[in-house]
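Enquirer: Structure below; questions to follow.
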Amino acid sequence: MFKMTPQVLQNLFSPKATRRYPRVARTPYEGVRGALRNDIENCSLCSVCALKCPSQCITVDKKTATWRYDPFACVFCGICVNACTEKCLHQERAYQHPVTRREPILLKGTLKKTPHEKA
Ligand code: SF4
Ligand code: SF4
């Protein structure tokens, strides 16, 4: 007990090692691969991101023109961002915000006609 006393006192009067997250968030490091965003107005719903994703957390449905993403299955590797044909996918320099319910992100896009289809 007496052996521990100096350590207990030191811990008691030293600054906290933890933060009151999410109210106090750490400043993300330079180049962090954070929350994934899709500028859906520029998305062609080509499905390349869904095919490349190692976690299979992106689904593209051309019939309903929807892009679905499960942030809870995402490992934030950035492969989909590098593969995106329209450069509409990007990762923010901030971590995914905490939520109380597990819900996927569902975005409604517009199917763009290829030059062949327009003719
Ligand atoms: S960051 Fe990686 S795991 Fe997340 S959606 Fe993109 S490819 Fe999938
Ligand atoms: S790769 Fe890019 S353009 Fe193609 S479906 Fe994914 S987000 Fe949309």
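Enquirer: Looking at the chain, how many pairs of lysines come closer than 30 Å at the Cα, when each pair is eight or more places apart or spans two chains?
Expert: Within the chain, the lysine pair count is 23.
Enquirer: Now, a different point. Can you give the charge dipole size of the chain about its Cα centre, rounded to the nearest 20 debye, using +1 on the beta carbon of Lys and Arg and -1 on the beta carbon of Asp and Glu?
Expert: Dipole magnitude for the chain comes out near 320 debye.
Enquirer: List the residues of the range 71-100 whose backbone N lies under 11 Å from a point placed 7 Å from the Cα of Tyr21 along the Cα-to-Cβ direction.
Expert: Within reach of a label on Tyr21, which here means backbone N under 11 Å from a point 7 Å along Cα→Cβ, the range 71-100 contributes 95-98.
Enquirer: Roughly what percent of Cα-Cα pairs across the chain reach past 19 Å?
Expert: 59 percent
Enquirer: Check each of the trypsin sites (Lys or Arg not before Pro) in the range 74-112 and keep only those in coil by DSSP with at most 15 other C-beta atoms within 10 angstrom; list them in order.
Expert: Answer in residue order: Lys87, Arg93, Arg101, Arg102, Lys112.
Since every read-out is calculated from the coordinates, none of them should be taken as a lab result. In this text, all values refer to a predicted model and were calculated from it rather than measured experimentally. With ideal geometry, Cβ positions are generated from the backbone for all residues, glycine too; neighbour counts draw on all protein chains shown.
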